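Each remark here refers to the structure printed beneath this line.
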Amino acid sequence: MNDARPSGHDTALPDEDRDARTLVMERVFRAPPERVFRAWTDPAVLATWWGPEGFTTPEHRMDVRPGGEWWTQMMSPDGKPHTVSGVYREIAPPKRLVMTWGWEQPDGRRGHETVVELTFEPAPGGTRLKLVQRLFQSPEDAKGHNAGWASSFRDLDRILA
C-alpha cells in the first residue's frame, strides 16, 4: 500500500487552485439517512450501485471501522478492471463518513490519494447527501470524478427508490 498521505487540506495552495481541485456535489435521495448511509457501508448493497452506469463491482472488501481498509474492483462494460481503495478515517452513522480514495496503478500500488467526506442530512423527501472530494492532482481529474459520481448516484437513486 502507498504510504503517501493525502493532502486534503493543503493550505500552501492558492484558494482558486484548491477549489479547482476539489469536487463538491449534493443530491437528495428518496430514503432516510440510515438507508443511504448503509448503501455506503454494507458490501452487499454497495455492490449494487458502485461505479458508473454499466459498470459492475464483482469484487470488494470493506473493513468499516476507523483505520479499516476498503477495496473495490469495478469492471467496465468492455471488461476492463478499475481498482480503487482507501482507508476509513471517520464513521459516524448515519451522519458522516470519511475515507481516502486512490486508484490502483499498473504496479499494484495505490496512486495519488484524495479524501472523500460524506454527510447525510434529513431533507424533505429523504436524505441530502453532500460529497466533498479533495485534493485531486488536477482540475480535469475533479471533473472526471464529477461525471463518475453523478452516474453512480443515478444507480444509487434507483436502488434506494
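The values are calculated or read from the model by the stated rules, or taken from the named source; none is laboratory data. Only a predicted model underlies this, so the values are computations on that prediction, with no experimental measurement involved. Cβ placement follows ideal geometry from the backbone for every residue including glycine, while neighbour counts extend to all protein chains displayed. Calculation scope for accessible area: heavy atoms of the full protein, side chains included, ligands and nucleic acids excluded. Shrake-Rupley method; radii C 1.70, N 1.55, O 1.52, S 1.80 Å.
A few comments on the model shown:
- The residues of region 45-58 that are under 16 Å from the mean Cα position of the chain (by Cα) and without any contact (Cβ under 8 Å) to a residue 60 or more places away in the chain, listed by number, are LEU46, ALA47, PHE55, THR56, THR57.
- Breaking point among (1) buried (at least 17 other Cβ atoms within 10 Å of the Cβ); (2) part of a strand (DSSP E or B), for HIS145: (2)
- TRP71, sole failed condition from (1) touching a His at 6+ places or on another chain (Cβ under 8 Å); (2) open to solvent by less than 40 Å² (accessible area, probe 1.4 Å): (2)
- Some residue of region 124-138 being in contact (Cβ under 8 Å) with a residue 60 or more places away in the chain, buried (at least 19 other Cβ atoms within 10 Å of the Cβ) and assigned to a helix (DSSP H, G or I): no
- Of all residues in region 30-44, those satisfying the criterion of being under 16 Å from the mean Cα position of the chain (by Cα) and open to solvent by less than 40 Å² (accessible area, probe 1.4 Å) are VAL36, PHE37, ALA39, TRP40, THR41, ASP42.
- Unique residue being more than 14 Å from ALA20 (Cβ to Cβ), in a loop (DSSP other than H, G, I, E, B) and of a type outside the set (Gly, Ala, Ser) when the list is ASP107, ASP155: ASP107
- Residues of region 96-110 satisfying the condition of being more than 18 Å from GLY148 (Cα to Cα) and either surrounded by 13 or more Cβ atoms within 10 Å (Cβ to Cβ) or hydroxyl-bearing (Ser, Thr, Tyr) (or both): ARG96, LEU97, VAL98, ARG110
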